[in-house]
Amino acid sequence: MTDPILSVRNLNVTYLSSRATLNAVRNVSFDIGREKVAIVGESGSGKSTVGRAVVRLLTPSAKITADRMDFEGKNLLSLSERKMQDVRGRRISMILQDPKYSLNPVVTVGEQVTEAYRVHNKVPHKEAKERALAQLASVQIRDPAHVYDLYPHEVSGGMGQRIMIAMMLIPEPSLIIADEPTSALDVTVKLQVLAILDDLVRDRGIGLMFISHDLNLVQSFCDRVLIMYAGQVVEELRGDELGDAKHDYTKGLLASLPRIGDRRGRLSVLDRKDSWSMPVEKRP
Ligand SMILES: Nc1ncnc2c1ncn2[C@@H]1O[C@H](COP(=O)(O)OP(=O)(O)OP(=O)(O)O)[C@@H](O)[C@H]1O
Ligand SMILES: [Mg+2]
């Protein structure tokens, strides 16, 4: 791995409610350099909570602690909210599952990219528009001038996701947190979006945190894979070494994947161990 862009040690996140406290993330440690690092695990294992904790975008009732959460030499946990907004806007970008909720429905997609450009670069509208068109072309949108004038509901999910990526790249972030960015897309569009993310890591040296529940996908796409279960990282492997997993949970996950050409009758089902579960403490 190259020098880490993000270095996290012993991250803990607790959701507090009036009735119980849930330790959703427990003692999670990892580094991300100029590479693709996957966080995989089943629903509820804490993947999104880790991603959002890094940018401190969790509900106010969530408590975040860590020995260290260093990003470009700054401890993210000790930054003021104002400084943190700056980090979110310029240095770390988030790409979410469904672009429909992130784009403004009453403004054309091109104007949204142009405005995003002007927030970060004080230039006249005409120049910003040219840059926006170039930005759209860079995420493989073939007819940017046509797409520019469309409204969000007029573009497909895959194109919407590419427009989001174009907007995210304007401030030239060094880390992208992508939370299930391709889960809502069909297979061919999914591959296009993955190819764009892959280029960004290779050509621009961006670090990518790729949150997914798709083990098949991450083992071919990512350099390293963190396997989460019940709030903990139970195993960390290189993507191409996933087959050598040691932890029973990872082995169980791999065994439950269907494979083409496999004659096995039934798929195996995970045998859960009590010691793996996420602790919930009842409040008195
Ligand atoms: N705002 C919240 N308030 C209380 N509990 C929450 C909140 N958000 C998440 N949780 C709980 O924290 C745990 C981890 O949730 P998280 O969303 O991080 O999981 P995930 O791995 O991203 O799941 P998925 O694959 O479904 O997106 C779950 O038990 C969830 O119910
Ligand atoms: Mg999630």
Fill in the blank from the handout: Subset of the stretch 1-57, residues assigned to a strand (DSSP E or B), under 23 Å from residue 252 (Cα atoms), of a type outside the set (A, V, I, L, M) and within 14 Å of ligand 1 (Cβ to nearest atom), comes to 26
Problem - Residues of the stretch 216-238 classified as in a strand (DSSP E or B), touching a Gly at 6+ places or on another chain (Cβ under 7 Å) and charged (D, E, K, R), total - result: 1
Fill in the blank from the handout: If you go through 167, 159, the only one that is surrounded by 21 or more Cβ atoms within 10 Å (Cβ to Cβ) and in contact with a helix residue (DSSP H, G or I) (Cβ under 6 Å, 6 or more places away or on another chain) is 167
Exercise for the section: Identify the single condition in (1) within 16 Å of ligand 1 (Cβ to nearest atom); (2) more than 26 Å from residue 225 (Cβ to Cβ) that residue 73 does not satisfy, given that it satisfies every other one. Expected result: (1)
Exercise for the section: Give me the pairs, please: first residue somewhere in the stretch 54-80 and in contact (Cβ under 8 Å) with a residue 40 or more places away in the chain, second residue anywhere and surrounded by 13 or more Cβ atoms within 10 Å (Cβ to Cβ) and of a type in the set (Phe, Trp, Tyr), beta-carbon distance under 9 Å, and either six or more positions apart or on two chains. Expected result: 54/71; 58/15; 59/15; 61/15; 62/15; 63/15
Handout entry: Boolean, residue 24 is within 16 Å of ligand 2 (Cβ to nearest atom), at pLDDT 95 or above, in contact with a helix residue (DSSP H, G or I) (Cβ under 9 Å, 6 or more places away or on another chain) and closer than 19 Å to residue 217 by Cβ
Key = no
Fill in the blank from the handout: Across (1) away from ligand 2 (no atom under 16 Å from the Cβ); (2) out of contact with any Ser or Thr (no Cβ under 9 Å at 6 or more places or on another chain); (3) not acidic (Asp, Glu), residue 166 clears everything bar (2)
Practice task
Those residues that are under 23 Å from residue 164 (Cα atoms) and part of a helix (DSSP H, G or I), I need them from the stretch 58-84; list them, please.
Solution key: 84
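Of everything in the stretch 16-73, what is of a type in the set (Ser, Thr, Tyr) and under 22 Å from residue 235 (Cα atoms)? Give them in sequence order.
Within the stretch 16-73, 29, 43, 45, 48, 49, 65 qualify.
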Exercise for the section: Name the residue, out of 185, 169, 194, 136, that is over 22 Å from residue 91 (Cβ atoms), at pLDDT below 90 and not hydroxyl-bearing (Ser, Thr, Tyr). Expected result: 185
Practice task
Return only the number of the condition from (1) over 17 Å from the mean Cα position of the chain (by Cα); (2) more than 16 Å from ligand 2 (Cβ to nearest atom); (3) closer than 25 Å to residue 82 by Cβ; (4) not aromatic (Phe, Trp, Tyr) that residue 17 does not satisfy.
Solution key: (3)
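Just give me the residues in the stretch 149-178 being part of a helix (DSSP H, G or I), among the small types (Gly, Ala, Ser) and under 21 Å from residue 119 (Cα atoms), in sequence order.
Within the stretch 149-178, 160, 166 qualify.
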Handout entry: Cβ pairs under 7 Å, 6+ apart, first in the stretch 101-112 and modelled with pLDDT under 90, second among the small types (Gly, Ala, Ser)
Key = 103/160
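The values are calculated or read from the model by the stated rules, or taken from the named source; none is laboratory data. A quick note: this is a predicted structure, and the numbers were derived from the prediction, not measured. As a convention, Cβ positions derive from the backbone with ideal geometry for all residues, glycine included, and neighbour counts pool all protein chains shown.
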